[in-house]
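Colleague: This structure is in structure tokens; I'll ask about it shortly.
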Amino acid sequence: MTPDIALADAITALVAQKRAVGYKYAAEERVLDRFEAFCRGEFPGVGTVTQASVEAWVASARRRGVKPATLQNLASPVRELARWLGRRGVEAYILPGGVLARPARYVPHIYTDGELAALFARTDRCRYCSEVPFRHLVMPVLFRTIYACGLRCSEARLLRPDDVDTDAGVLQIRDAKGGKDRQVPVSEPLRVRLADYHAQVDGRPGRDWFFPGRAGLALTLGNVEKNFRRFLWQARISHGGPGRGPRVHDLRHTFAVNNLRLWFAQGQDVGALLPVLQTYMGHSSLGDTAYYLRLTAESYPDITARVQQATGDVVAPITAGPSHGD
């Protein structure tokens, strides 16, 4: 690797290396492409990551008023690019840690049983929309599937028809976080609901996706979020505004907490069952799953003593959160 490698070529090689070991690196690639274009415009002829270009990149983001979390997301891939260049003998500036303000850690909202019932009741009243003709059929099943299977939103909205076995009651989750696939068994009530939904939409146009969105394309995250916020408002579940929640992803958190709560109530060996929950949810480490023990104790103080007995009081506090963002 020569020291005069072009920045665009370095980005291409870095992205290829990340994907070769299982990372999707899609959002990071977009940030790096924007950074390369920014450097071409502001620092023509400079073929590496310099202190001036990084500080100008950060200053530009700050002028746009981006939030601390967004600023971290804009800086992190650039920092990784500088490390990659440095390992290949190219002098590059690495933005030091601690320079940027750390975003406030989001504490998940654990939905009560009443809130879940109200939320799902509102999805059942979703009206037909000519622009998204399946919306009234999709929304009641989509949000129940996210909750009942503890899925990430992307895992649910990107399901293909062949990924859903309505006879066996199994979902095939493909290329999830970390590039991993997994199979997720569903409960019998959800299997029946999935089968009924499938029977209503099967054979219609736009069935490349199990939960189709506008013009038969996959549902976008923005579309899911927009509908979710409306259902929250209709269910009279207060929302704290952008970045505050409750979020769709909190349905996944609630799934984990409710399973742990049930296991404690049944007198199960929760420590022995944690690997089961880890596999089901697609966590990369047991520590990410064990985080929910503390969250369960915080949400349901009456079982705190049993949580401490199961964990030895070694699970990180809820402000730490899962290491991979869950």
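Colleague: If you go through the stretch 25-44 one residue at a time, do you hit one that is over 22 Å from the mean Cα position of the chain (by Cα), over 27 Å from Ala104 (Cα atoms) and not in a helix (DSSP H, G or I)? Explain how you work it out, then say what you get.
Modeller: From the stretch 25-44, those over 22 Å from the mean Cα position of the chain (by Cα) are 33-44; that's our starting set.
If we keep only those that are over 27 Å from Ala104 (Cα atoms) too, we end up with 33, 36-44.
If we keep only those that are not in a helix (DSSP H, G or I) as well, we get 43-44.
Among the residues of the stretch 25-44, at least one is over 22 Å from the mean Cα position of the chain (by Cα), over 27 Å from Ala104 (Cα atoms) and not in a helix (DSSP H, G or I), which makes the answer yes.
Colleague: Run down Ser60, Ser53, Ser76 and say which single residue is part of a helix (DSSP H, G or I) and exposed (fewer than 14 other Cβ atoms within 10 Å of the Cβ). Walk me through it before giving the result.
Modeller: On the way: Ser53 fails: exposed (fewer than 14 other Cβ atoms within 10 Å of the Cβ); Ser76 fails: exposed (fewer than 14 other Cβ atoms within 10 Å of the Cβ).
None of the others qualify; the one that does is Ser60.
Colleague: Going residue by residue through the stretch 136-147, is there one that turns out to be surrounded by fewer than 17 Cβ atoms within 10 Å (Cβ to Cβ), of a type in the set (Lys, Arg) and either in contact with a Pro (Cβ under 9 Å, 6 or more places away or on another chain) or within 15 Å of Leu232 (Cα to Cα) (or both)?
Modeller: First, the residues of the stretch 136-147 that are surrounded by fewer than 17 Cβ atoms within 10 Å (Cβ to Cβ): 136.
Retained after the next criterion (residues that are of a type in the set (Lys, Arg)): none.
Checked against the condition, which is being surrounded by fewer than 17 Cβ atoms within 10 Å (Cβ to Cβ), of a type in the set (Lys, Arg) and either in contact with a Pro (Cβ under 9 Å, 6 or more places away or on another chain) or within 15 Å of Leu232 (Cα to Cα) (or both), the stretch 136-147 yields no hits at all.
Colleague: Continuing with this model, one more query. Going by the conditions given, is Asp163 surrounded by fewer than 16 Cβ atoms within 10 Å (Cβ to Cβ), of a type outside the set (A, V, I, L, M), outside the structural domain of Lys24 (by TED's automatic domain parsing) and within 28 Å of Ala256 (Cβ to Cβ)? Spell out how you get there, then give the answer.
Modeller: Values: surrounded by fewer than 16 Cβ atoms within 10 Å (Cβ to Cβ): no; of a type outside the set (A, V, I, L, M): yes; outside the structural domain of Lys24 (by TED's automatic domain parsing): yes; within 28 Å of Ala256 (Cβ to Cβ): yes.
Considered against the rule, which asks whether it is surrounded by fewer than 16 Cβ atoms within 10 Å (Cβ to Cβ), of a type outside the set (A, V, I, L, M), outside the structural domain of Lys24 (by TED's automatic domain parsing) and within 28 Å of Ala256 (Cβ to Cβ), Asp163 comes out as no.
Colleague: Then there is this: Can you confirm whether the stretch 91-102 contains a residue that is at negative phi, surrounded by 15 or more Cβ atoms within 10 Å (Cβ to Cβ) and in contact (Cβ under 8 Å) with a residue 60 or more places away in the chain? Full working, then the answer.
Modeller: The first filter runs over the stretch 91-102 and keeps only residues at negative phi, leaving 91-97, 99-102.
Now restrict to residues that are surrounded by 15 or more Cβ atoms within 10 Å (Cβ to Cβ): 92-95, 100.
If we keep only those that are in contact (Cβ under 8 Å) with a residue 60 or more places away in the chain as well, we get none.
Checked the stretch 91-102: no residue is at negative phi, surrounded by 15 or more Cβ atoms within 10 Å (Cβ to Cβ) and in contact (Cβ under 8 Å) with a residue 60 or more places away in the chain.
Colleague: I would also like to ask the following. Can you tell me which of Leu171, Leu142, Leu151, Leu119 is within 22 Å of Asp250 (Cβ to Cβ), among the aliphatic types (A, V, I, L, M) and either assigned to a loop (DSSP other than H, G, I, E, B) or out of contact with any helix residue (DSSP H, G or I) (no Cβ under 7 Å at 6 or more places or on another chain) (or both)? It would help to see each step written out before you state the result.
Modeller: Values: Leu171 fails: either assigned to a loop (DSSP other than H, G, I, E, B) or out of contact with any helix residue (DSSP H, G or I) (no Cβ under 7 Å at 6 or more places or on another chain) (or both); Leu142 fails: either assigned to a loop (DSSP other than H, G, I, E, B) or out of contact with any helix residue (DSSP H, G or I) (no Cβ under 7 Å at 6 or more places or on another chain) (or both); Leu119 fails: either assigned to a loop (DSSP other than H, G, I, E, B) or out of contact with any helix residue (DSSP H, G or I) (no Cβ under 7 Å at 6 or more places or on another chain) (or both).
Exactly one residue qualifies, and that residue is Leu151.
Colleague: I've got another one for you. Report, by residue number, each residue of the stretch 175-188 that is outside any strand (DSSP E or B) and touching a residue at least 12 places away in the same chain (Cβ under 8 Å). Reasoning before the result, please.
Modeller: In the first step, residues of the stretch 175-188 are kept if they are outside any strand (DSSP E or B); the result is 175-181, 186-188.
Matches in the stretch 175-188: Asp175, Ala176, Lys177, Gly178, Gly179, Lys180, Val186, Ser187, Glu188.
Colleague: A further question follows. Among the residues of the stretch 234-255, what is the count of those that are free of Cβ contacts under 8 Å to residues at least 12 places away in the same chain and either part of a helix (DSSP H, G or I) or under 20 Å from Ala121 (Cβ atoms) (or both)?
Modeller: 2
Colleague: From the list Pro77, Pro68, Pro140, Pro96, which residue is over 30 Å from Asp202 (Cα atoms) and either modelled with pLDDT of 95 or more or polar (S, T, N, Q) (or both)? It would help to see each step written out before you state the result.
Modeller: Numbers: Pro68 fails: either modelled with pLDDT of 95 or more or polar (S, T, N, Q) (or both); Pro140 fails: over 30 Å from Asp202 (Cα atoms); Pro96 fails: either modelled with pLDDT of 95 or more or polar (S, T, N, Q) (or both).
Just a single option satisfies the conditions, and that option is Pro77.
Colleague: Just name the residue that is farthest from Tyr25 (Cα to Cα) out of those in the stretch 192-222 that are buried (at least 19 other Cβ atoms within 10 Å of the Cβ) and not hydrophobic (A, V, I, L, M, F, W, C).
Modeller: Tyr197
Colleague: Could I ask something else about it? Using the structure shown, decide if Gly222 is at pLDDT 90 or above, not assigned by TED's automatic domain parsing to the domain that holds Leu119 and not aliphatic (A, V, I, L, M). Reasoning before the result, please.
Modeller: On the way: at pLDDT 90 or above: yes; not assigned by TED's automatic domain parsing to the domain that holds Leu119: no; not aliphatic (A, V, I, L, M): yes.
Criteria not met by Gly222.
Colleague: Right, another one. With respect to Ala290, is the statement that it is within 20 Å of the chain's Cα centre (by Cα) and either assigned to a loop (DSSP other than H, G, I, E, B) or more than 20 Å from Tyr147 (Cβ to Cβ) (or both) true? Reasoning before the result, please.
Modeller: On the way: within 20 Å of the chain's Cα centre (by Cα): yes; either assigned to a loop (DSSP other than H, G, I, E, B) or more than 20 Å from Tyr147 (Cβ to Cβ) (or both): yes.
It is true that Ala290 is within 20 Å of the chain's Cα centre (by Cα) and either assigned to a loop (DSSP other than H, G, I, E, B) or more than 20 Å from Tyr147 (Cβ to Cβ) (or both).
Residue-wise test of (1) assigned to a helix (DSSP H, G or I); (2) touching a residue at least 12 places away in the same chain (Cβ under 8 Å); (3) within 22 Å of Glu155 (Cα to Cα).
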residue	(1), (2), (3)
Val192	yes, no, yes
His198	yes, yes, yes
Trp209	no, yes, yes
Glu225	yes, yes, yes
Leu232	yes, yes, yes
Leu295	yes, yes, no
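The values are calculated or read from the model by the stated rules, or taken from the named source; none is laboratory data. Just so you know, these numbers come straight off a predicted model, no measurement behind them. Note: ideal-geometry Cβ built from the backbone for every residue, glycine included; neighbour counts use all protein chains shown.
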